[in-house]
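Below: the structure, in structure tokens.
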Amino acid sequence: MRTLAAIAILLLTAIPAKADQIVGFGQLGSLNTFFAVNNGDGTTSLDVLTGVAITNIITGATDPNAVFEFEAESIDAASLLAGVLVTQHFEGTFTLRNQADTINYLYGSFGGALILGGDGGTGAVLSANTVNLDPLSMQSDLIALFDPMSFSLSLSNLSPTLGISGGTINSFNASFTGTADATIPEVPVPEPASLFLLGTGLVGLAASAKKRLFRK
């Protein structure tokens, strides 16, 4: 009987995974608030500390406006692919929190996020995910998150335009929007018919087990 009850509990509480965009956000106002700084030693630093508007969040946001903090350093030399695409990897941390600084909607770190953009262009994308070459750790005070995960920033209005100087990405400032995707637990609600069939089957198994025990 205990085994049957355990089976019933497992069937009713199984939690399938569902991939979702857990948050989307963009800077407040029209000023460029994403900064890239060429350090003059073959490395580039990235920095953001600004208010953002949350455009989408999976659950629990207490304020449509938030604060986004982001810091990163390049970990390899910038490359020019096919003579047209600028690429470079970065490691760093990020936090998206409410303005009262009491809830972290999203926070984490990455070890190999890739910036990709056209040479001389005014747009670029920084993306991190959980594959081996681009590790990403991401957590939230609101909900448990599971793999796979991705975090990205879309950059626009780069000034000056994107390029390579001294083996690393040049200094610029830009506007940005951000998104993060993760697998979250989803608890299904069993249909009445499914519950009835499950209950009927368990009753039958219990009766059969009782008869065998009585014969012994």
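Residues are listed down the side, and each one gets a yes or a no for (1) over 24 Å from the mean Cα position of the chain (by Cα); (2) of a type in the set (Ser, Thr, Tyr); (3) at pLDDT 90 or above:
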residue	(1), (2), (3)
ASN32	no, no, yes
GLY40	yes, no, yes
ASN56	no, no, no
ALA72	no, no, yes
THR93	no, yes, yes
ARG97	no, no, yes
ASP101	no, no, yes
Anything in segment 153-172 that is of a type in the set (S, T, N, Q), in a strand (DSSP E or B) and crowded, with 18+ Cβ neighbours inside 10 Å? List them, or say none.
THR168
Does ALA61 fit the bill of being small (Gly, Ala, Ser), modelled with pLDDT under 95 and out of contact with any strand residue (DSSP E or B) (no Cβ under 9 Å at 6 or more places or on another chain)?
no
Of the residues in segment 113-132, how many are part of a strand (DSSP E or B), among the polar types (S, T, N, Q) and over 17 Å from PHE25 (Cα atoms)?
1
Show me the strands (runs of 3 or more DSSP E) found entirely inside segment 43-85 where at least 1 residues are assigned by TED's automatic domain parsing to the domain that holds THR168 and surrounded by 16 or more Cβ atoms within 10 Å (Cβ to Cβ).
44-57, 65-74
Show the residue pairs that are 6+ apart or on different chains and have beta-carbon atoms under 6 Å apart, the first residue being within segment 158-170 and in the same structural domain as SER74 (by TED's automatic domain parsing) and modelled with pLDDT under 95, the second being buried (at least 16 other Cβ atoms within 10 Å of the Cβ) and of a type in the set (Asp, Glu).
none
Evaluation of PHE110 against (1) in a strand (DSSP E or B); (2) surrounded by fewer than 17 Cβ atoms within 10 Å (Cβ to Cβ); (3) touching a Gly at 6+ places or on another chain (Cβ under 8 Å) (one fails), failing number:
(2)
Would you tally the residues in segment 133-152 being assigned to a strand (DSSP E or B), surrounded by fewer than 16 Cβ atoms within 10 Å (Cβ to Cβ) and small (Gly, Ala, Ser)?
1
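The values are calculated or read from the model by the stated rules, or taken from the named source; none is laboratory data. Small disclaimer: the values here were computed from a predicted structure and weren't measured. Glycine gets a Cβ as well: all are built from the backbone with ideal geometry, and neighbour counts include every protein chain shown.
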